[in-house]
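Below: one structure, written as structure tokens.
The values are calculated or read from the model by the stated rules, or taken from the named source; none is laboratory data. Bear in mind that the values here come from a model prediction, so they are computed numbers and not experimental data. Cβ: placed from backbone, ideal geometry, glycine included. Neighbour counts: every protein chain shown. To get the accessible areas, we keep the full protein, side chains included, count just its heavy atoms, and leave off ligands, DNA and RNA. Shrake-Rupley method; radii C 1.70, N 1.55, O 1.52, S 1.80 Å.
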Amino acid sequence: MGLFGQPRLIKMAKKRERLEVIRDILKATKEKRNIKPTRLLYASNLSPQMFKEYVDELVEKKFINIDVVSDKKTFSLTKKGFEFLNEYKVLERFVESFGL
Amino acid sequence: MDVYSFVIANKELFKVIYAIIVISISVVIVLKTHRLFKLSLHNGIRYFRNAFFFFGLGFVSRYFLKFIFDIGALFPYAQISTVLFDFFLIMAGFSLLYSLIWKKLEAESMTRSSLFNPRMLIFSLMTIIIVILGLVWHTSYLFYFSQIVIFLIASLIALANVIKRKSAKLQRWYLTAMILALIAWVLNTLAEIFYQFNQAMLINTYATNMIFFLIFLYGVIRATKVN
């Protein structure tokens, strides 16, 4: 209910496509070099379970690296991760153009 | 001599040129979309790429493998090239259609083999059934019918996408390509059933097919252009 008792329209956030989620994770990793897992989790706006799935895949597919310094785990962007971000607009355009 | 007579008089040469063009277009599209797929692991791009991979293989089988069998006087094996052509073209149709509807049928996932995953195996099974039935019944109607159904559904989905996003120019080109493919397969079917493979009608079919591939090439080059 709104301040004056009127019904409030709740705007649901549009579900992100997989490419958008990957872009958000990689962008956050690029902006904060050697980002810690907790920060990346918040930046990704994912549930911890989904976050873990995405990060495991991104590490496996070499989009991001795990660096361990003094027992502290951080993430950094790989060359492939940079390429993805550079090509993101092309990917998005391709997928939209062909309705894939 | 009119255009049709000229083409019919030089039929074999035109067939080779047609095959080379289609195969080249398929190779270019596969290479461009493969790069995008490797970067994104997007399933839609995967199936789109697979479609043109199969188109390329189909035309290689039909026009070059058959040529090799004919040259080597391996005539009993020439039918293998036709069977392979049918197989690859049906797989191409399924892949192209699935690239449009995969989101409604499977969760997004990053890992899976491109050719040996459950969806592709289901397509392969359906395709093998269609091809075997065609061989057993000595008819191409199942092959034609499957392609007409595939491209009819794909055209409807493409139309829905155009209506949803009126401003997307490339989506209109995509719709045009799907409709052309549908027309080509209808012409092919009519040519066999009613016109006893009338040469002029077949030439129209090949021309329509060529435009289909050229539209896709244009679309892929345009969509993958780096600004």
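Among the residues of the range B:163-196, those identified as in contact (Cβ under 8 Å) with a residue 12 or more places away in the chain and facing chain A (nearest Cβ under 9 Å) are B:Leu170, B:Gln171, B:Trp173, B:Tyr174. Residue under question is B:Phe54, and the condition is that it be of a type outside the set (A, V, I, L, M), part of a helix (DSSP H, G or I) and out of contact with any Phe, Trp or Tyr (no Cβ under 6 Å at 6 or more places or on another chain); does it hold? In short, no. Across the range B:200-223, the number of residues qualifying as open to solvent by 10 Å² or more (accessible area, probe 1.4 Å) and either of a type in the set (A, V, I, L, M, F, W, C) or part of a loop (DSSP other than H, G, I, E, B) (or both) comes to 11. A Cβ distance below 6 Å, combined with a sequence gap of six or more or placement on separate chains, defines the contacts here; from the range A:16-44, residues that are more than 15 Å from A:Leu85 (Cα to Cα) and in contact (Cβ under 8 Å) with a residue 24 or more places away in the chain reach residues that are open to solvent by less than 10 Å² (accessible area, probe 1.4 Å) and not in a helix (DSSP H, G or I) in the pairs A:Ile35/A:Phe75; A:Leu40/A:Phe75. If you go through the range A:82-100 and pick out every residue that is facing chain B (nearest Cβ under 10 Å) and either of a type outside the set (A, V, I, L, M) or open to solvent by 50 Å² or more (accessible area, probe 1.4 Å) (or both), you end up with 13. Taken across the range A:54-77, residues that are closer than 29 Å to B:Leu97 by Cα, free of Cβ contacts under 8 Å to residues at least 24 places away in the same chain and open to solvent by less than 20 Å² (accessible area, probe 1.4 Å) do not occur at all.
Inspection of the range B:21-31 identifies at least one residue that is buried (at least 21 other Cβ atoms within 10 Å of the Cβ) and closer than 30 Å to A:Leu26 by Cα.
From the list B:Val149, B:Val226, the lone residue that is more than 14 Å from chain A (Cβ to nearest Cβ), over 20 Å from B:Ser24 (Cβ atoms) and open to solvent by 50 Å² or more (accessible area, probe 1.4 Å) is B:Val149.
Scanning the range B:31-42 for residues that are within 8 Å of chain A (Cβ to nearest Cβ) and either over 14 Å from B:Ala223 (Cβ atoms) or among the aliphatic types (A, V, I, L, M) (or both) returns B:Leu36, B:Leu39, B:Leu41. The conditions of being more than 20 Å from B:Ser155 (Cα to Cα) and open to solvent by 10 Å² or more (accessible area, probe 1.4 Å) are met by B:Leu65.
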